[in-house]
Amino acid sequence: MEPKIAQKAWDPKLENAILKKWEEEKIYDFQLSDNNYTIDTPPPYPSGRPWHIGAASHYAQIDMIARTARMSGKNVYFPIGIDRNGLPVELYTEKKHGIRMRETERGEFLELCENALDDLEAEMIQIMKSLGLSGDFKNYYRTDSEDYRKFTQETFIDLWKKGVIYLATRPNNYDWVSGTTIADAEIVYEEIPTKLVYMKFITKETKKEIIIASTRPELLCACKTVIVNPNDERYSDLIGKELIVPLTNSEVKITPHHSAKIEFGSGAVMVCSYGDQNDVALFRELQLDEVIAIGLDGRMTEVAGGYQGLKPKQARTKIIEDLENANLVEKIEDISHRTPLSERSKTPIEIVPMEEYYLKQKDSLEKMKKLGEEIEFHPNMHKQILMNWLESISIDWPISRRRFYGTEIPIWYCNECSEPFVPEPGKYYRPWKDKCPAEKCEKCGNMEFTGEERTFDTWMDSSVSPLFVTKFNRDEEFFKKTYPTAIRPQAKDIVRTWLYYTLLRCEKLTGEKPWSEAWIMGYGLDEKGMKMSKSKGNAIDPLPVIEKSGADTFRFWSASEINQGYDFRCSEQKIESTRKFLSKLWNVSRFLSSFPVIKSGQLSESDKWILSELDKLISVCKEGYSKYNFFIPSTAIREFTWNIFAAQYIEIAKARAYGIGFTDEERDGAIFTLHKVLSTILKLLAPITPFITEHLWQTLYSQDSIHEENLPDIENLNDMSEMTQLLSEFNSKVWNEKKQKELSLKDSIKIDVPEILNQFKKDLIAMHNLESN
RNA sequence: GGGCUUGUGGUCUAGUUUGGUUAUGAUGCUGCCUCGACAUGGCAGUGAUCGAGUGUUCAAAUCACUCCAGGCCCA
């Protein structure tokens with residue numbers, strides 16, 4: 001009989017037609033029911049070309065989660081969104097157009113950002129679609145849409161009213177030339193020659209001289225402690241004693257701290273507000289009172305006494321002079337110092353306390369730990385990232401940014417008394433250009449307002465994704481039936497940001513956890529295990545890879561090569577070689593397509609054996625799927641299909657399937673079993689490789705989509721797995737002997753079937769053309 | 001500098017939780033083979049002192065400690 005499948009290999013080009021069919025038949029459309037399974041899909045950020053191949057792999061696996069749930073009988077809600085707020089697009093736009101954000105009119109700059117995002121987004125959507133994501137593309141959302149930003153603002157207003165948001169002045173990176181705070185990403189470091197001044201401090205009790213080296217002597221007035229390494233024997237008897245600071249004559253304590261390097265300078269370090277980021281950390285850790293020595297104008301403040309009004313560099317020259325005149329300098333070394341500069345103005349940044357908005361989090365940490373305990377993590381080890389982070393949180397969350405492309409903070413200030421006005425929720429507010437909705441100030445009656453120019457930290461937007469997709473505050477029934485969502489799939493590098501902030505915000509807004517499970521994926525590295533980056537030139541563009549090898553190949557590679565939660569290496573060669581398995585599956589199907597699909601037959605012992613192996617496979621796969629660990633089913637299916645089903649069983653059953661020397665009932669047993677095994681394999685594999693399984697399923701077994709089927713159930717058949725190795729050893733033995741005697745495989749040979757394989761004797765004799773006893 | 005994590009044939013990977021024959025599978029390489037699904041195939045072979053060291057034990061890839069190298073996040 002002619003095979004129904006004519007082509008000799010799986011052609012990835014067939015994927016396009018299948019995609020189109022799925023779209024036309026709307027098989028993944030979501031209708032609200034009582035059995036909803038909501039995925040809090042990560043909205044990817046279009047930060048530049050090409051998209052990260054690790055991210056593409058990540059989304060392929062998220063789709064496997066959706067398909068697994070769907071084939072387990074759940075009503076899957078799989079929203080698709082794009083995250084579009086934040087710094088990267090601003091930097092991308094500045095570079096692309098050769099402009100500067102603060103020198104460009106705000107509205108104009110926002111438009112350029114939006115256009116850039118549209119371009120990058122189009123490519124990401126194309127990749128997600130061609131990967132076969134069964135998500136809701138028709139209603140995909142953007143975090144910079146009016147709707148989403150309105151929602152972010154609403155949740156902020158809610159929290160403002162609850163009193164968990166406050167303004168506070170804390171140290172920030174500050175570029176006094178362009179008058180703005182600087183994100184860490186905008187700092188560049190340069191080696192700059194500077195003077196290391198060895199100054200004489202005096203112990204209060206014994207009047208002993210202690211030498212302390214610093215590159216920032218102008219900050220003596222802001223010195224609050226001196227640290228020494230606890231292992232530094234020179235100072236061990238001075239720990240806890242007081243020192244007199246030169247010139248200012250204030251008193252500070254000597255504190256032990258591991259960050260003091262014994263070999264640098266004199267080993268004793270003065271801690272000032274703020275010489276560098278280490279000072280900030282120490283002030284926080286040791287709970288010191290900060291002194292503001294440098295103001296927003298970039299000049300020394302009144303605490304600097306006689307140096308007030310000077311720029312730090314001028315003050316430094318002057319203070320060194322004064323120290324030398326007072327004989328308070330031991331020596332001065334010329335050194336090269338790694339200095340943080342503003343990328344923009346190329347001037348050294350200062351760390352200056354500035355007023356920003358904060359969201360309270362310190363008082364919620366115990367609650368967060370409890371929720372963290374309740375959420376099931378896949379793999380469980382990554383729960384530790386969250387727990388460790390909760391242990392180390394020491395300040396509240398600063399949520400305001402002095403940037404343009406983000407959700408605006410919806411606040412106006414009275415020009416007269418500075419009283420803040422926070423509007424009613426329900427509208428999208430842009431205070432930098434919109435008129436204040438209030439007629440007059442509630443406090444003083446003044447009618448003039450100034451809009452807030454700052455935007456939110458981008459995590460303020462992303463952290464409400466589960467609330468946005470479940471229509472919190474906008475569709476009560478929908479929300480009730482979809483929240484808390486089922487699962488949060490995400491990458492491991494943003495557990496401390498996205499996962500944590502989502503937990504925090506959702507708890508504060510709803511009192512509940514946002515999801516029951518969290519699924520954490522590792523990071524995609526290059527083939528040598530190094531981080532991929534455009535500058536290193538080792539980034540792999542996923543689009544051509546998917547176009548060449550096909551989405552199923554890419555997906556099967558992702559499933560079978562990536563151990564759950566661990567970092568993984570990406571190599572084009574590896575991806576391409578995965579295709580061999582799909583080819584094997586195709587040809588097995590092609591062979592079976594020459595036999596009719598029948599409902600029953602008389603099962604031989606070999607049929608019972610393969611069905612018992614199949615039963616074991618089902619149980620292994622379902623166990624893997626229940627943990628959303630696709631490595632387990634993909635490798636188990638490959639092993640079974642290739643090395644047991646194709647290599648052993650098909651060869652054993654082939655002669656019987658052709659019916660030569662067997663009764664019709666015996667023949668039908670083989671044909672029935674062949675189809676039963678293949679159709680089960682296809683269903684088991686459908687969540688991982690949706691295209692080829694759909695094509696084969698519809699060609700061989702049904703008009704309907706395989707993705708509307710359920711995963712097969714085990715039948716608890718008698719375990720015959722001890723036969724598997726015996727059969728394959730016997731078959732190898734026959735094949736080897738024929739080879740040694742230079743016989744063709746169809747030639748007859750005299751070998752006895754061993755006693756233990758007696759039950760398979762008839763099949764084995766026909767298979768090998770044995771002249772047997 | 002701190003926290004978490006990884007290190008198994010040329011390459012990738014299973015096994016480490018709970019120590020126990022000859023360390024799993026894929027890929028690569030070599031040789032042979034067109035036998036009625038498949039040369040994108042079949043068969044056979046090659047190849048690992050399990051990152052290094054020390055310790056515990058009758059027994060260590062597996063447990064403990066130290067070191068080296070990579071990754072992620074935070075300074």
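The values are calculated or read from the model by the stated rules, or taken from the named source; none is laboratory data. In this text, all values refer to a predicted model and were calculated from it rather than measured experimentally. Every residue, glycine as well, gets a Cβ built from its backbone with ideal geometry; the counts of neighbours run over all protein chains shown. Just so you know, the surface numbers come from the protein's heavy atoms only, side chains and all, with ligands and any DNA or RNA stripped out. Shrake-Rupley method; radii C 1.70, N 1.55, O 1.52, S 1.80 Å.
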Practice task
Restricting attention to segment A:470-499, report how many residues are among the hydroxyl-bearing types (Ser, Thr, Tyr) and in contact with a Gly (Cβ under 9 Å, 6 or more places away or on another chain).
Solution key: 0
Practice task
Would you tally the residues in segment A:680-711 being farther than 13 Å from A:Glu613 by Cβ, buried (at least 20 other Cβ atoms within 10 Å of the Cβ) and within 16 Å of RNA strand B (Cβ to nearest atom)?
Solution key: 8
Exercise for the section: Return the residue satisfying two criteria in turn: it lies in segment A:573-583 and is buried (at least 17 other Cβ atoms within 10 Å of the Cβ) and not polar (S, T, N, Q), and of such residues it is farthest from RNA strand B (Cβ to nearest atom). Expected result: A:Ile575
Practice task
Identify all residues within segment A:749-773 that are within 14 Å of RNA strand B (Cβ to nearest atom) and within 21 Å of A:Glu666 (Cβ to Cβ); write none if there are none.
Solution key: A:Asp763, A:Ile765, A:Ala766, A:Met767, A:His768, A:Asn769
Handout entry: Only one of A:Ile714, A:Ile660 that is more than 16 Å from RNA strand B (Cβ to nearest atom), among the β-branched types (Val, Ile, Thr), open to solvent by 10 Å² or more (accessible area, probe 1.4 Å) and in a loop (DSSP other than H, G, I, E, B)
Key = A:Ile714
Handout entry: When residues of segment A:7-43 are limited to those that are within 19 Å of A:Trp515 (Cα to Cα) and of a type in the set (D, E, K, R), the one most open to solvent (accessible area, probe 1.4 Å)
Key = A:Asp34
Practice task
Would you confirm whether any residue within segment A:96-114 is open to solvent by less than 10 Å² (accessible area, probe 1.4 Å) and closer than 22 Å to A:Ala486 by Cβ?
Solution key: no
Problem - Where a residue in segment A:81-93 is in contact (Cβ under 8 Å) with a residue 60 or more places away in the chain and its partner, wherever it lies, is outside any loop (DSSP other than H, G, I, E, B) and of a type in the set (Lys, Arg), with Cβ under 9 Å and at least six apart - result: A:Gly81/A:Arg142; A:Ile82/A:Arg142; A:Asp83/A:Arg142; A:Arg84/A:Arg142; A:Asn85/A:Arg149; A:Gly86/A:Arg401; A:Leu87/A:Arg401
Completion exercise
Counting only strands (runs of 3 or more DSSP E) wholly inside segment A:30-85, the ones holding at least 1 residues that are under 20 Å from A:Trp459 (Cβ atoms) are A:79-82
Practice task
Within segment A:254-276, track down each residue that is part of a strand (DSSP E or B), of a type in the set (A, V, I, L, M) and open to solvent by less than 30 Å² (accessible area, probe 1.4 Å).
Solution key: A:Ile254, A:Ala268, A:Met270, A:Val271
Handout entry: Scan of segment A:4-26 for residues that are more than 10 Å from RNA strand B (Cβ to nearest atom) and of a type in the set (Asp, Glu), ordered by number
Key = A:Glu15, A:Glu23, A:Glu24, A:Glu25
Problem - Selection from segment A:624-657 of residues that are in contact with a His (Cβ under 8 Å, 6 or more places away or on another chain) and open to solvent by less than 60 Å² (accessible area, probe 1.4 Å) - result: A:Tyr628, A:Asn629
Handout entry: Residues of segment A:155-167 classified as open to solvent by less than 60 Å² (accessible area, probe 1.4 Å) and closer than 23 Å to A:Ser462 by Cβ, total
Key = 8
Problem - Where A:Arg284 falls short, out of the listed (1) assigned to a helix (DSSP H, G or I); (2) open to solvent by 40 Å² or more (accessible area, probe 1.4 Å); (3) farther than 30 Å from A:Phe156 by Cβ - result: (3)
Exercise for the section: Within segment A:44-65, track down each residue that is of a type in the set (A, V, I, L, M, F, W, C) and either at positive phi or open to solvent by 10 Å² or more (accessible area, probe 1.4 Å) (or both). Expected result: A:Trp51, A:Ala55
Practice task
Could you please find all residues in segment A:727-748 being open to solvent by less than 100 Å² (accessible area, probe 1.4 Å) and either away from RNA strand B (no atom under 14 Å from the Cβ) or basic (Lys, Arg) (or both)?
Solution key: A:Lys733, A:Lys738
Completion exercise
Note on segment A:501-531: residues within 10 Å of RNA strand B (Cβ to nearest atom) and either in contact with a Leu (Cβ under 6 Å, 6 or more places away or on another chain) or not aromatic (Phe, Trp, Tyr) (or both) are A:Gly522, A:Gly524, A:Leu525, A:Asp526, A:Glu527, A:Lys528, A:Gly529, A:Met530, A:Lys531
Exercise for the section: From A:Asp279, A:Asp289, grab the single residue that is of a type outside the set (S, T, N, Q) and in a loop (DSSP other than H, G, I, E, B). Expected result: A:Asp289
